[in-house]
1. Which condition number in (1) crowded, with 17+ Cβ neighbours inside 10 Å; (2) modelled with pLDDT under 80 is the one that A:V172 fails?
2. Determine, yes or no, whether B:I10 is assigned to a helix (DSSP H, G or I), β-branched (V, I, T) and either closer than 14 Å to B:F215 by Cα or at pLDDT 90 or above (or both).
3. Are any residues in region B:86-104 surrounded by fewer than 20 Cβ atoms within 10 Å (Cβ to Cβ) and at the interface with chain A (Cβ under 10 Å from one of its Cβ atoms), and if so, which ones?
4. When you go through (1) crowded, with 20+ Cβ neighbours inside 10 Å; (2) of a type in the set (G, A, S); (3) at pLDDT below 90 one by one for A:A38, which number turns out not to apply?
5. Residue under question is B:P155, and the condition is that it be farther than 29 Å from A:G255 by Cβ and either surrounded by fewer than 17 Cβ atoms within 10 Å (Cβ to Cβ) or away from every other protein chain (no Cβ under 14 Å) (or both); does it hold?
6. Restricting attention to region A:70-86, report how many residues are assigned to a loop (DSSP other than H, G, I, E, B) and within 7 Å of another protein chain (Cβ to nearest Cβ).
7. If you scan region B:188-205, which residues turn out to be without any contact (Cβ under 8 Å) to a residue 12 or more places away in the chain, assigned to a helix (DSSP H, G or I) and small (G, A, S)?
Amino acid sequence: MAQQVISGLAAGSSYALLALGLVVTMKTTSVPNFAMGAMGLLPVYVIRSLWSQLHLPYGLAILAGIVVAFGMGWVVERLTIRHLIGLSHFTTVLMTIGIWFALNSIVGLLWGYEPQPLPGLVSGSFDLGQVVVTNAQLMTLAVGLAIAGWLIVFFRTTWGVRMRAVAEDPLVPRLLGVRVATISGLSWAIASGIAAIAVLLSAQASVLNPQSGDDLIISGFVAATAGGFSSIGGAVIGGLALGVLENLAGAYLSGAAASTVALLGIMVILLVRPTGLLGPGTGREV
Amino acid sequence: MSPAVRYGAIGFGVLALGAGFFFAPAYLNAYLMYLLTWIAIYAIAGTGLTVLMGWTGQIALAHAGLFGVGAYATAYLAGHGWPWPLAALTSSTASAGLGALVGLPAARLRGFYLAIATLAFGELLHQAFVQLTPLTRGPQGMAVAPIQLDGIDTPSLVWYLAMVMLAAVMVTLTALGRSRIGRCLKAVRDIESATGSLGISAMRYKLLAFAISAFLAGLAGAVFGQLITFLTPDLFDLPLLVIFLVQLFVGGVNRLSGALIGAIFVIAVRELLQSHVVSSLVPALVGSGQTLAFGLTLILVVRYLPGGLTSLPGRLRSRRPRPATLSQVE
């Protein structure tokens, strides 16, 4: 049981991270980003190629990959999302679905559909009597919590406040001298970087394939929905809870049950409390 | 032109077209007939999405799964001795029920929350196709027993089935769109907050639109099973969803004709990318080129032509660009 909870928390940490990426784009550009998983996937393939083909040290490859993720987020926002500001979610949902599939097929074109192994980031584990905790699990959890903490602080800084103001109303901040375009691009860059870390952590010491991003996006949506798409704490708790539930269902029911937990969870959350379990009490007009 | 002459001309045109389709199996080559049948099947499913996404303005991403429900359930029932028409009707009705079920949250959810819920539901259906091996045989795949009728070969029979269904669906939905129900659906899209005071139950009409579109997805899926003859879960996953979305928005989400034009577009693009010329020039494009093309098409259409191809004549006629076509009342 405790063992399942530990692995659940580690898996949930990636879900929480992807959800944080979703919350960032939602908070600033009010776009529900269905392409988030694919945007995290491409940089991780870049990291793998830098490490395995150019023989860069793994840490350096990761840094370079995150820079690529930032750049890609900025470019995607610049080319597509910026032109849709003020349009309905109907339009932005379709746009991000288009981006999702375009990016996924670019990954397939460049790197193929064969699963590719990804090395672990840290190794080793320690025994706590009944449960074994690996360093990789601890690190995943720590990275997730650290990024969540950083975001909470960040949204209170000048840049963070500007981001939230732009989400509230794209016009007034502009009158006050805020560069809305810069803010919007920056938020997509940050979100894309976070998504890359989410995909990297979930695929570490395992394999990477063009579906890796798709597997994460639904879980990320569940976690973000639990937090009403605005609460960072809610997204983290939602992600961790989902990871634990999936692992428990996998251990005590069946493997098939584990993969339906997220899908059922999202429908239950939306039916019971559409604004999110931990979100604001009053729904934001969407 | 006097009405008598006009109706005479229309009547003659319909007869000529009908005769053309009736005798098509005699003069069309088998592959072209196969593609045209495929287009008709996508068009049937697409008109359902026009009702739901175009007229009623609800995002729905579960229809690849519902299409699969129609295909699998019909194949299963017909494989257990049911007559095909009864099996197809039962399966489409089951699909309509599932559609109404996923539409239930629609009364409370808006915009992207509905998109997430329906996407999850579609994935749930895909998982069911994979996991429920006693019914679907899972990833191994399931052969579909071909329908039989004396004196006619199966491809021709499937051709007639698809064409007659498409014609019936088009006529019925055109009438529906002009009826009170059609106007109420569009009212839910355009002035939802005012519908209550007009005595229109927005929830009832949303559920109706979900049920109609799911029924048509199921019906199209039933015929699709006959066309493809072998079902695997991956046929009804995300790539099909993207095809439906591209079809709908390239054609024009508000018009029934858009569903047909969009269906022609997606099949033409697919054939072009699989063609000998492209595959010999850029071999890498054969695998993921299709998804790439559809993803980029969706991006470009949403960005530059939100009303789709069927909005072009209107846009060219009026020099002033029209307001966003998604909210345009026909």
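1. Checking A:V172 against (1) crowded, with 17+ Cβ neighbours inside 10 Å; (2) modelled with pLDDT under 80, the one that fails is (1).
2. The answer is no for B:I10.
3. Correct list: B:L101, B:L104.
4. (3)
5. yes
6. 1
7. If the condition is that a residue be without any contact (Cβ under 8 Å) to a residue 12 or more places away in the chain, assigned to a helix (DSSP H, G or I) and small (G, A, S), then B:S193, B:A194, B:G196, B:S197 are the ones that fit.
Yes or no, residue by residue, for (1) part of a helix (DSSP H, G or I); (2) over 30 Å from A:S88 (Cα atoms); (3) small (G, A, S):
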| site | (1), (2), (3) |
| --- | --- |
| B:P139 | yes, yes, no |
| B:P155 | yes, yes, no |
| B:L173 | yes, no, no |
| B:K186 | yes, no, no |
| B:S213 | yes, no, yes |
| B:A217 | yes, no, yes |
| B:V223 | yes, yes, no |
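The values are calculated or read from the model by the stated rules, or taken from the named source; none is laboratory data. Everything numeric here is computed off the predicted structure, so don't read it as measured data. Glycine also receives a Cβ, built like all others from the backbone with ideal geometry; neighbour counts cover every protein chain displayed.
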